[in-house]
1. For a quick check: sort F320, F215, F68 by the number of other beta carbons within 10 angstrom, fewest at the front.
2. Would you pull out the residues with amide H under 5 Å of R321's amide H, same chain only if 5 or more places away, H placed 1.01 Å from N?
3. What ranking of E110, E252, E221 emerges when the number of other C-beta atoms within 10 Å of each C-beta is taken as an exposure proxy, fewest first?
4. Kindly provide the Kirkwood hydrodynamic radius of segment 219-361 in Å, to one decimal, from all pairs of distinct alpha carbon atoms.
5. Can you spot the lysines whose alpha carbon is less than 25 Å from K207's alpha carbon? Ignore those fewer than 8 places along the same chain.
6. Using a cut-off of 11 Å between beta-carbons, work out the net charge of the residues near P371 (Lys and Arg +1, Asp and Glu -1, P371 not included).
7. Ordered by residue, what ³J(HN,Hα) values in Hz, to whole numbers, does segment 164-173 give under the Karplus form 6.51 cos²θ - 1.76 cosθ + 1.60, where θ = phi - 60° and Gly and Pro are x?
8. Write down the radius of gyration of segment 296-384 and its Dmax, each obtained from C-alpha positions, in Å.
Amino acid sequence: MDDFAPDTRSASMTLDGIPDEADTRTDTAETRAERDFRRANPRAMRRINDVPLIDDVIVFPGPVFDRFAFMQRLLLRMEASGAVGYSWALVQNGRLIDAGGVGDARTPAETPPREMDERTRMVSASLAKPICAVAVMKLVEDGVLNLGEPAYPHIAGTFPGGHSSLDAVTIEHLLTHTSGYDGPGRLSQFPGTLSNSLTGTTGTSQKYENWNYWFLALVIEAVTGRPYADFARDRVLLPMSINNMTREVDDEAPCLYYALDPSTGGTSWGDFTATAIGAYGWFGNAIHYAKFLAHFRNDTVLSGQTRQQMLNWHRSYFGFRLWQNGARGKYYGHGGDFGRGGGRDFHGGMMGFPDGIDAVLLTNSPHAPDPEDVLIDAYHAAYS
């Protein structure tokens, strides 16, 4: 089952997973032992249970994360935007504490219609890039790749005639968008770009480009002899218990993407090539990305040392986008934006915060606010 493990401690649970008061009094061996101890030691139990405490706070821990405040801010902002549909997932210390959806994945005008929920798969756009980065870093840990080695020799057999300026571009430069490449930006143009001189200064110029991650996907294919999508699935996604994130759109009733007027017919994307999804093109849901963040945080695929290497990078990108000076410390995550034409867009964001908080927000509407901004705002509201 592609989900976080359910909490089975009680048949009746409050929203935050804590058993209802009635459940705490079930006649278990633990409560019987407590009752027997109380009867045998009345003096000790009176000191704990019967004497009023003047102050039960020994050390004030500071503000505590309030998931209800987080969700209230997220919902208020998204509802004010008039988004056709959106979904979210919220994790604390590896445990899913909130997830859901509002609105439509397919409006009532569609056949068939479909409500939005946390399992609605949407196109990833650039949410795919951190997955590619983890796949690359896994190969670095395995000794197959080295961050400082030139990248082009790995693909030169497939794409001969590369410009000499490519000789300076390393695996690290591609991961951190410091290759010096500056467009054009279509995958079909990729082979032709390799014969041109890089316009930026490799290692110094930082320019966010899909090209860098197509390049990395091709490197992975060259050194493993496997399609990028297969390698990423087997070495990154499946170990994170992400079982049905694929490069193929849903066969039945896929999520559609809408313009400003939700009565306008929605549209979608078809299947993506394995290489494309180095930069974009997975189809995944909010639970998938929440699991990816939680497993990354807990070193399921990569070592803690590698994770820290990625997150302590001194510039803005190392697979993840890095916020070095957030109001509550360092944040990391990534956004994704994809246009289908006619104003029909996908927007998504996933964020890793201090205090074990991981959050995801996806929408099929062009006029929703930036999901990364919404998640950061909601995170701050949870401590206000």
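1. F68, F320, F215
2. Those qualifying (amide H under 5 Å, at least 5 residues apart or on another chain) are G333, H334.
3. The most exposed by this proxy come first: E252, E110, E221.
4. For segment 219-361, inverting the mean 1/r across all distinct Cα pairs yields 16.8 Å.
5. Cross-link targets: K129, K138, K330.
6. My count for the surroundings of P371 gives -4.
7. Residue by residue, segment 164-173 yields 4, 5, 5, 4, 8, 7, 9, 4, 4, 4 Hz.
8. Using the Cα atoms of segment 296-384, the pair Rg, Dmax is 14.4, 45 Å.
Laboratory data are not the source of any read-out in this text; all were calculated from the coordinates shown. Computed from a predicted structure; not experimentally measured. Using ideal geometry, Cβ is built from the backbone for each residue, glycine included, and neighbour counts are taken over all protein chains shown.
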